[in-house]
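Trainee: Before I ask anything, here is the structure I am working with.
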Amino acid sequence: MPISFRDSILRLRRTYRDNREMGYMHVLSLFCIQIILLLVLVAETTAKVPAIIVFGDSSVDAGNNNVISTFLKSNFKPYGRDFEGGLPTGRFCNGRIPPDFISEAFGLKPAVPAYLDPLYSISDFATGVCFASAGTGYDNATSNVLNVIPLWKELEYYKDYQNKLRAFVGDRKANEILSEALYLMSLGTNDFLENYYTIPTRRSQFTVRQYEDFLVGLARNFITELYHLGGRKISLTGVPPMGCLPLERTTNIMGQHTCLQEYNDVAMEFNGKLEGLASQLKRELPGLRLLYTRTAHDTVDQIIRTPAAYGFQVTGMACCATGTFEMSYLCNEHSITCRDANKYVFWDAFHPTEKTNQIISQKLIPILLAEFQ
């Protein structure tokens, strides 16, 4: 059982009484340790969930790609220029990404750390951890394109995390954290744009509708396995209006660089199938609280249609470099980057600015709080 506030005070008093003859400095040091533990306990009582646990792609990757052998990285300037301290973290953004805003809104830390980041340990991960990898997808073939972490490997890291968490807080507390944590899933875009529409293999095997069904089957398998590992509160995010990403608009020459409607239609259709999957799994898996949300898609769509209503000036190009095709190493410290990213919907040719992420999160957070706190 969690230690109550009253029990912590009593423990603090006993520590002082039992050690009052051991010397002032020793007692003071023990006192300080107890105060730190007390502050942690108070923080736990104010949080809406004990932890935020993240799976997915670059939309939610906090920096796991920093330490793997891939060209798809963002741990260099100008990425992170508006993050606290102005440091690039490996987030594909000028600042924070949705899991960071969600974590803070749920009473936890303002940034969810990447599991592979050597600067953090299990004491940091106990209240939030990110396993996501930029460039990945539901399909293993998608992660192979740029040699990133496949979704099955994200789950293996999660199992490793479970073992470390149990060693850190004990089995009972760990099981409580794992069952009460909020799990965020955000991926799928790369399966279409990086894989299906770019590499011919899957197109030779599936029509786009069949490929959607194939991905939904993989999503089903992943969520089911996560459930059997103890996950109960899961938020499943669909894909954005993919045809409106600056990179896709750049290549839409015949359409005068407008949004590519074919890709947007696929996004809508795929999202609808994910929503159906969520309904099915909730009926099949007792105790599963699975929420499909199309908030990210609909919010980006609304922003692109009426940018001025949200304070944006530029929707078709990104802030970094020419804003038409650059991302990762093509968006670097030598790039000419816009002065005010808040005027841009997109930071690079594939990823939203912090402001866009914040708006998406502000619309999503009340839904998540209502469902999961």
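The values are calculated or read from the model by the stated rules, or taken from the named source; none is laboratory data. Remember, predicted model here, so these are calculated numbers, not experimental data. All Cβ positions, even for glycine, are placed from backbone atoms using ideal geometry, and neighbour counts span all protein chains on display. When the accessible area is computed, the model is the full protein with side chains, heavy atoms only, and any ligands, DNA or RNA have been set aside. Shrake-Rupley method; radii C 1.70, N 1.55, O 1.52, S 1.80 Å.
Trainee: From Ala174, Ala181, Ala219, Ala167, which residue is out of contact with any strand residue (DSSP E or B) (no Cβ under 9 Å at 6 or more places or on another chain), open to solvent by less than 10 Å² (accessible area, probe 1.4 Å) and among the small types (Gly, Ala, Ser)?
Mentor: Going through Ala174, Ala181, Ala219, Ala167 in turn, just one is out of contact with any strand residue (DSSP E or B) (no Cβ under 9 Å at 6 or more places or on another chain), open to solvent by less than 10 Å² (accessible area, probe 1.4 Å) and among the small types (Gly, Ala, Ser): Ala174.
Trainee: The conditions are (1) open to solvent by 10 Å² or more (accessible area, probe 1.4 Å); (2) out of contact with any Asp or Glu (no Cβ under 7 Å at 6 or more places or on another chain), and Ser103 fails exactly one of them. Which is it?
Mentor: So Ser103 meets the others, but not (1).
Trainee: For the range 273-310, enumerate the residues that are touching an Asp or Glu at 6+ places or on another chain (Cβ under 9 Å), open to solvent by 40 Å² or more (accessible area, probe 1.4 Å) and at pLDDT 95 or above.
Mentor: Passing the criteria: Lys273, Arg289.
Trainee: Scan Gly95, Gly135 and give me the residue that is in contact with a Leu (Cβ under 8 Å, 6 or more places away or on another chain) and open to solvent by less than 20 Å² (accessible area, probe 1.4 Å).
Mentor: Going through Gly95, Gly135 in turn, just one is in contact with a Leu (Cβ under 8 Å, 6 or more places away or on another chain) and open to solvent by less than 20 Å² (accessible area, probe 1.4 Å): Gly135.
Trainee: If you don't mind, another one. Is the range 318-337 home to any residue that is under 21 Å from the mean Cα position of the chain (by Cα), buried (at least 23 other Cβ atoms within 10 Å of the Cβ) and not small (Gly, Ala, Ser)?
Mentor: Yes, some residue in the range 318-337 is under 21 Å from the mean Cα position of the chain (by Cα), buried (at least 23 other Cβ atoms within 10 Å of the Cβ) and not small (Gly, Ala, Ser).
Trainee: Tell me whether the range 355-373 contains one or more residues that are buried (at least 21 other Cβ atoms within 10 Å of the Cβ), in contact (Cβ under 8 Å) with a residue 40 or more places away in the chain, more than 16 Å from Leu184 (Cβ to Cβ) and in contact with an Asp or Glu (Cβ under 7 Å, 6 or more places away or on another chain).
Mentor: Checking the range 355-373: not a single residue is buried (at least 21 other Cβ atoms within 10 Å of the Cβ), in contact (Cβ under 8 Å) with a residue 40 or more places away in the chain, more than 16 Å from Leu184 (Cβ to Cβ) and in contact with an Asp or Glu (Cβ under 7 Å, 6 or more places away or on another chain).
Trainee: Any residue in the range 49-77 that is under 18 Å from Pro110 (Cα atoms) sitting within a Cβ distance under 8 Å of a residue that is of a type in the set (Lys, Arg) and outside any loop (DSSP other than H, G, I, E, B)? List the pairs, counting only those 6 or more apart or interchain.
Mentor: Taking only residues 6 or more apart or on different chains, the pairs are Val49/Lys233.
Trainee: Looking only at the range 227-237, how many residues end up being in a loop (DSSP other than H, G, I, E, B), open to solvent by 10 Å² or more (accessible area, probe 1.4 Å) and on the phi < 0 side of the Ramachandran plot?
Mentor: 2
Trainee: Next question, about the same structure. So which of Arg166, Arg209, Arg220, Arg172 ends up being over 21 Å from the mean Cα position of the chain (by Cα), within 23 Å of Leu277 (Cβ to Cβ), among the charged types (D, E, K, R) and not in a loop (DSSP other than H, G, I, E, B)?
Mentor: Arg209
Trainee: Additional query: Return the pair list, or none, for Cβ contacts closer than 8 Å from residues in the range 266-278 that are under 10 Å from Leu291 (Cα atoms) to residues that are among the basic types (Lys, Arg), at least 6 apart or on different chains.
Mentor: Glu275/Arg294
Trainee: Could I ask something else about it? Looking at the range 61-69, can you tell me whether even one residue there is assigned to a loop (DSSP other than H, G, I, E, B) and more than 16 Å from the chain's Cα centre (by Cα)?
Mentor: Yes.
Trainee: Yes or no: Asn144 farther than 28 Å from Glu284 by Cα, open to solvent by less than 10 Å² (accessible area, probe 1.4 Å) and over 17 Å from the mean Cα position of the chain (by Cα)?
Mentor: no
Trainee: For the range 106-124, how many residues meet the condition of being open to solvent by 20 Å² or more (accessible area, probe 1.4 Å) and either aliphatic (A, V, I, L, M) or in contact (Cβ under 8 Å) with a residue 60 or more places away in the chain (or both)?
Mentor: 6
Trainee: Please specify each residue of the range 147-164 satisfying the condition of being polar (S, T, N, Q), open to solvent by 20 Å² or more (accessible area, probe 1.4 Å) and on the phi < 0 side of the Ramachandran plot.
Mentor: If the condition is that a residue be polar (S, T, N, Q), open to solvent by 20 Å² or more (accessible area, probe 1.4 Å) and on the phi < 0 side of the Ramachandran plot, then Asn163 is the only one that fits.
Trainee: With the requirement that a residue be free of Cβ contacts under 8 Å to residues at least 24 places away in the same chain and under 26 Å from Ile234 (Cβ atoms), what does the range 173-205 give you?
Mentor: Listed by number, the residues that qualify are Ala174, Tyr196.
Trainee: If I go through the range 84-105 residue by residue, how many of them are in contact (Cβ under 8 Å) with a residue 24 or more places away in the chain and under 19 Å from Ala318 (Cα atoms)?
Mentor: 9
Trainee: Sticking with this one: Is it the case, given these coordinates, that Asn190 is polar (S, T, N, Q) and surrounded by 20 or more Cβ atoms within 10 Å (Cβ to Cβ)?
Mentor: Against the criterion (polar (S, T, N, Q) and surrounded by 20 or more Cβ atoms within 10 Å (Cβ to Cβ)), Asn190 qualifies.
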